[in-house]
Amino acid sequence: MMMKGGNKVLARSLMTQTLEAVKRKQFEKFHAAASEEQANIERNPYTIFHQALKNCEPVIGLAPILKGGRFYQVPVPLSDRRRRFLAMKWMITECREKKHRRMLMPEKLSKELLEAFHNQGPVVKRKHDLHKMAEANRALAHYRWW
Amino acid sequence: MPLNILRLKHVTVVTTKKNVKALRRETYTVDFIKKQIEEFNIGKRHLANMMGEDPETFTQEDIDRAIAYLFPSGLFEKRARPIMKHPEQIFPKQKAIQWGEDGRPFHYLFYTGKQSYYSLMHDAYGKILDIEKHKNQLQAKGLFSEKNKTIDLIGSRWLIKEELEEMLVEKLSDQDYRQFVRLMERLLQSGAAEEEFVQSFRRSVTVQSKKQPIEPVQRDAQGMAFSTSEGKRKSAKAEAVVYEHGSGRIKVNGIDYLLYFPVLQDREQLMFPFHFLDRLGKHDVTCTVSGGGRSAQAGAIRLAVARALCSFVTEEEVEWMRQAGLLTSDPRVRERKKPGQEGARRKFTWKKR
């Protein structure tokens, strides 16, 4: 999803720059913090990345189901694969759209990943919105037949 | 009493009109098949004489080769070429007449429709009950010992549905087959008896890794052991020479790999076989590669290196490599462009009018 036009080299370099940026930020925080908090600060960029994506995964999704001429948004369970895909897709679209024109992708992505790691930020908010919508449409759950 | 019901004719239908009525399946009488077998044997001896070989020791493979030599066929479909096989393999197996002169069937389960299948299930269930009864008797006497002689199930599989149908000469449905397998599993669980009965329904499965040809290790002038092999990916062909003792240097077409593959991804592909076997700095590689693009060349070298490493490594590790997918050549190739479409899959823009 990061790749555009088959340019894997560019996508890979963006990812490595992102992870490097994440690591730098964490190290700055580490050196600035007191010794009790130093144990809590996570410095491995890979763990941060995986944990951030896990925090962004929705548990339940909505599917439009046609019934009686109208499309209802019905809450539907999602498979593992779909959840991971949605987390990644939200993260990338959010970084592409909601940034200042001069800001580079690695910088923005690293910022979003750190926020998602702490369960804050726009991507996690989007996940919560989806959950609220699903909870609101709970009554339509019986429209699902699979 | 008219005996017409017993006379089964070998029916050949000559159709003159367009609307053909439903043909009854052609039935082959036992005499007809016997005659065919005799003709086949005589023909086999004639063929052996023609080829100048001994008629007594003329096997089926020899027959196939002789026919391919005497009747060369340019047809692409292998099944349309001339064959000469034993009539048992050509004519489909059919059952003999199931009922006697008075019309009364021989088998007690004839009216179920699938007599052999149901009689088999009945026998298997009877065996289960016998084993349970035997166990109960032993337990009552107190002589019950927990000796579990488990039958070795590794390396064999249950018959598939087609094989079972062929064995019973009856059509089965999927549910019948599943029920049969469940009954067999239950029979195995209840006790380790009736080994022959169970083994008659199992076929062995050849272990896949033994089919991997391992390259022999060669020795060069200085006494250094090495092995060569080839690899292909898309349209790139590579030949790699892996030396047994080295320091992890890789030379591609005479150029160092760091300069030939500036992209990290390709170098990772080269590293993968060594990294998998924990032999990262222990082998030297010299390879030549041509064709394809950057990624295809990396994949081809990876395959060649993995195949060459097989000769320096234990059989178990070869099996691990195979399961990791290091020894399988990637079958993906560029799909051709089709007429009426813009690419292999992309269609032209659809215009409503």
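Bear in mind that the values in this text are calculations on the coordinates, not laboratory data. The structure presented is a predicted model; accordingly, all values stated were derived computationally and were not measured. No Cβ is skipped: glycine too gets one built from the backbone with ideal geometry, and neighbour counts run over all protein chains shown.
Things worth noting here:
- D (Stokes-Einstein, µm²/s), Kirkwood Cα radius, region B:218-324, 0.890 mPa s at 25 °C: 179 µm²/s
- Reachable aspartates and glutamates, given that their alpha-carbon falls under 15 Å from the alpha-carbon of B:LYS35 and they are not under 8 places away in the same chain: B:GLU88
- Set of lysines near B:LYS135 by C-alpha distance (under 19 Å), chain-local residues within fewer than 8 positions excluded: B:LYS127, B:LYS147, B:LYS149
- Working note: Karplus 6.51/-1.76/1.60 with θ = phi - 60° gives region A:112-120 the couplings 5, 5, 5, 5, 5, 4, 9, 6, 10 Hz, where Gly and Pro are set to x.
- Close amide H partners of B:LYS251, meaning residues 5 or more places away or on another chain with modelled amide H under 5 Å apart, are B:VAL285, B:THR286, B:CYS287.
- Cα-centred dipole magnitude for region A:8-143, charges only on beta-carbon of K, R (+1) and D, E (-1), debye, nearest 20: 660 debye
- Once C-alpha pairs closer than 8 Å and six or more residues apart are averaged by separation and normalised to the residue number of chain A, the relative contact order reads 30 percent.
- Which listed pairs, of A:LYS23/B:LYS282; B:LYS237/B:LYS337; A:LYS29/A:LYS132, have C-alpha distances above 28 Å, in listed order: A:LYS23/B:LYS282; A:LYS29/A:LYS132
- For chain B, a simple Cβ point-charge model (Lys and Arg +1, Asp and Glu -1, everything else neutral) yields a dipole of about 2560 debye relative to the Cα centre.
- Summed side-chain charge close to A:GLN73 - residues other than A:GLN73 whose Cβ falls under 13 Å, Lys, Arg +1, Asp, Glu -1: +3
- Within-12-Å neighbourhood charge of B:VAL333 [Cβ basis; K, R +1; D, E -1]: +4
- Environment charge at B:PHE274 (Cβ cut-off 14 Å; Lys +1, Arg +1, Asp -1, Glu -1): +1
- Tail weight of P(r) past 27 Å, computed on alpha-carbon pairs of chain B, percent: 73 percent
- Taking the centroid of alpha carbons for each part, region B:223-250 and region A:57-131 are 46 Å apart.
- Euclidean distance between Cα centres, region B:329-343 to region A:12-34, Å: 43 Å
- Dipole magnitude (debye, nearest 20) for the protein assembly as shown, charges at Cβ of Lys, Arg, Asp, Glu: 3760 debye
- Computed over region A:38-82, Kirkwood Rh from alpha-carbon pairs, angstrom: 13.5 Å
- Loop-resident chymotrypsin sites (Phe, Trp or Tyr not before Pro) (DSSP state other than H, G, I, E or B) in region B:258-353 with no more than 11 further Cβ atoms inside 10 Å of their Cβ: B:PHE348, B:TRP350.
- For the cross-link pairs A:LYS67/A:LYS127; A:LYS98/B:LYS338; A:LYS8/B:LYS232; B:LYS95/B:LYS133, the ones whose C-alpha atoms lie over 30 Å apart are A:LYS98/B:LYS338; B:LYS95/B:LYS133.
- Entry note: region A:18-129 has Rg to Rh equal to 1.10, where both radii use alpha-carbon atoms and Rh is the Kirkwood radius.
- Whichever aspartates and glutamates have a C-alpha closer than 17 Å to that of A:LYS25, once near sequence neighbours (fewer than 8 apart) are set aside: A:GLU37, A:GLU42, A:GLU107, A:GLU112, A:GLU115
- DSSP beta bridges in the protein assembly as shown [antiparallel fraction, %, rounded to 5]: 90 percent
- Chain B - percent relative contact order, Cα under 8 Å, separation 6 or more: 11 percent
- Kirkwood-based Rg to Rh ratio, region A:1-61, C-alpha trace: 1.11
- Dipole axis of chain B (+1 Lys, Arg; -1 Asp, Glu on Cβ), positive-most option in B:PHE261, B:LEU153, B:HIS134: B:PHE261
- Percent of alpha-carbon pairs separated by more than 33 Å within the protein assembly as shown: 73 percent
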